[in-house]
Structure formats: C-alpha cells, structure tokens
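Peer 1: Sharing a structure, written as structure tokens. Questions coming.
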Amino acid sequence: MAISEQQLETWSNTGADTGSKKAYDRVKNIIDNSSFTKKSEVDIYLQGSYANTTHIRADSDVDVVIQLTSVFSSDISKLSEQEKQEYSKLSTALYSHDHLRQELLNIFTNALGSSKVESRNKCIRLNLGDGQLSVDLTPCTSYRIYSSYPNNYVEGISIKKLDGNTIHNFPKRHINHGIKKHQDTDEYYKKVVRILKNMRGKLTDEGKMAEGTAPSYYVECLAYNIPNNHFGGSLHNSVLNSLKWFSENHNNFSQLKCQNEVSNLFGSEGTQWNIPHCQEFTSAIINLWNGS
C-alpha cells in the first residue's frame, strides 16, 4: 500500500464546517427580510457535499435549494386510467418556476448588488463577499413519482434550466440514505467517500486524471453501492475492500442506482455519469493505492 494509515485518517476528515452554515444563514436571512411573495411556501435547505457531510478541504461552493412546495409536476405513468383522470382535475398553478427564479434574482440582486449575482443555466450563483463561501442557489418546484393517486408518491424536485431542459433530483432522499448507510457501516461510509474524493484530487493535481472525470456526486453514489459489509475494522480495510469491489464489479456498473435509489447512476442524460469515465476513475485510484 502506497498510502499510509495516517494519510487515510487525514483524508477521511471533513473540510471546514462553519462556512456552509454561515452561507446558509446569510441566504435565509436575506429571504426572511425580503418581500418574497412565496416566503411561506418554500423549503430552504442545503444539498450536496456540505449537506451530506462528505465535503473535503478542496470543496468550496455551498449548494442551497429553494423548493417551492406549493407547486408540483408529476410522473403519473404508473397510475391506472381512472387515477390519471382524477389527477387531470388538478388546477394549473399560476406561479411557475420562471416566476420563482426571477423573484429570487431580484431579491438577491437588491441585497448583494448585480455584480455579485450571476444567473447560470441551473442555478443562481451568489458571491456573498466578506470571505464567505460562494453559494449556488437552486430554484425548483416539487416533483412527484406516483405509484397510486393521491397519496403514494416519491417526492423530489424539478429544476427548469435556462436552456429549456428540465431535470429531476431527489436531494432529501440522497441525504437520508447517506445518513442510514453511514450508521449501518459503523460510520465508515462517509469517511471512505472523503478519502476517494481526496484521492481523485491528488490524481487531478498530478495530471493523471482529467478534471471533471469524476464529479463528487457520482463518486458518492458509486460508493453508496458498495455492500455494507465491505466497510469497518479500519480505514485501510474499508478502502481496500471498496477498491476490490470496484475491480470485481466494473463490468456491472450499468445497473447501479444513485444514492437516492430512484435515478440510474449511468446513462446518456446530462445528470448521469458515463461508464468509461467511471472506469477511468476506479482504475486510477486503484493504481494510486498500489503505488503505480
């Protein structure tokens, strides 16, 4: 093994934790003190590495979701014809995702100044200044996958991008499943995720893997699929067993799910990883572990 237990211990730790809370509190305070018309109808929460406590020192931007819970779209493909007819009686919302994004743009431009607010394809980038972490603010509406109508559904979020495409995600399910897996692996799971992310960082810094080959979300979802009994005992054993699992299963990756257990991890959609990049990542970290 080319990586010492001491190095694994260092890599297993989280990055700074106070910055994400300060950034979140600042965003929440701006909204609370604004004239936002839907203030009582939104759920504001962290997502991404900081929310999942899988962040490392190299992580910077904080992801904050602004979910409009009073408006939702749905996948009703599993419903009976009668249930689909009942669903069709729902009224169309007058306030849309476009309204939400524009109102949030106005609120944060007024609070921070136009130079510190940037409208991006999927989110609104906020430069909070004063040495605080930048924020990627994601306006979204609710999204439901119905198994029966009206009460049985999986809830996520729907994000309309500026390019006109809509994507669906399930951040709360992702967070909750990560918490459970961490508990079920004697609290080794998230440590291993941080180690894998730090190994990726070392490889990209040394020019052995291209930037963007293995985004943090995909690395975490891949690690989520490692069986729980591969974790435990020590960091060395947990990482070694994880890498063995990668090696033994690299031809079966196509069937893997994301940590939310709803979305497919691999595919051709913009929100999915591609298998060649995953295999490049797993091969590179195995080589790093072996000292080659």
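Peer 1: Out of region 252-264, which residues are out of contact with any helix residue (DSSP H, G or I) (no Cβ under 9 Å at 6 or more places or on another chain) and assigned to a loop (DSSP other than H, G, I, E, B)?
Peer 2: Correct list: Asn252 only.
Peer 1: Anything in region 167-192 that is touching a residue at least 12 places away in the same chain (Cβ under 8 Å) and closer than 25 Å to Lys122 by Cα? List them, or say none.
Peer 2: Ile167, His168, Asn169, Phe170, Pro171, Lys172, Arg173, His174, Ile175, His177, Gly178
Peer 1: A further question on this structure: Here is a list: Thr213, Thr204. Which entry is assigned to a helix (DSSP H, G or I), β-branched (Val, Ile, Thr) and at pLDDT 95 or above?
Peer 2: Only one candidate passes the filter, namely Thr204.
Peer 1: Continuing with the same structure: Quick one: Thr69 ticks every box in (1) touching a strand residue (DSSP E or B) at 6+ places or on another chain (Cβ under 6 Å); (2) buried (at least 17 other Cβ atoms within 10 Å of the Cβ) bar one, so which box is it?
Peer 2: (2)
Peer 1: Could you check region 55-159 for strands (runs of 3 or more DSSP E) lying wholly inside it with 1 or more residues that are of a type in the set (Gly, Ala, Ser)?
Peer 2: In region 55-159, 62-75, 117-119, 135-148 are the strands (runs of 3 or more DSSP E) which contain 1 or more residues that are of a type in the set (Gly, Ala, Ser).
Peer 1: Something else about it: Let me spell it out: the conditions are (1) in a helix (DSSP H, G or I); (2) surrounded by fewer than 13 Cβ atoms within 10 Å (Cβ to Cβ); (3) of a type in the set (D, E, K, R), and Lys244 meets all of them except one. Which number is the exception?
Peer 2: (2)
Peer 1: If a residue has to be at pLDDT below 95 and over 19 Å from Ile179 (Cα atoms) to count, how many in region 44-61 make the cut?
Peer 2: Selection size over region 44-61: 5.
The values are calculated or read from the model by the stated rules, or taken from the named source; none is laboratory data. Just so it is clear, the structure is predicted and the values come from calculations on it, not from any experiment. Every residue, glycine among them, receives a Cβ derived from its backbone with ideal geometry; neighbour counts consider all protein chains shown.
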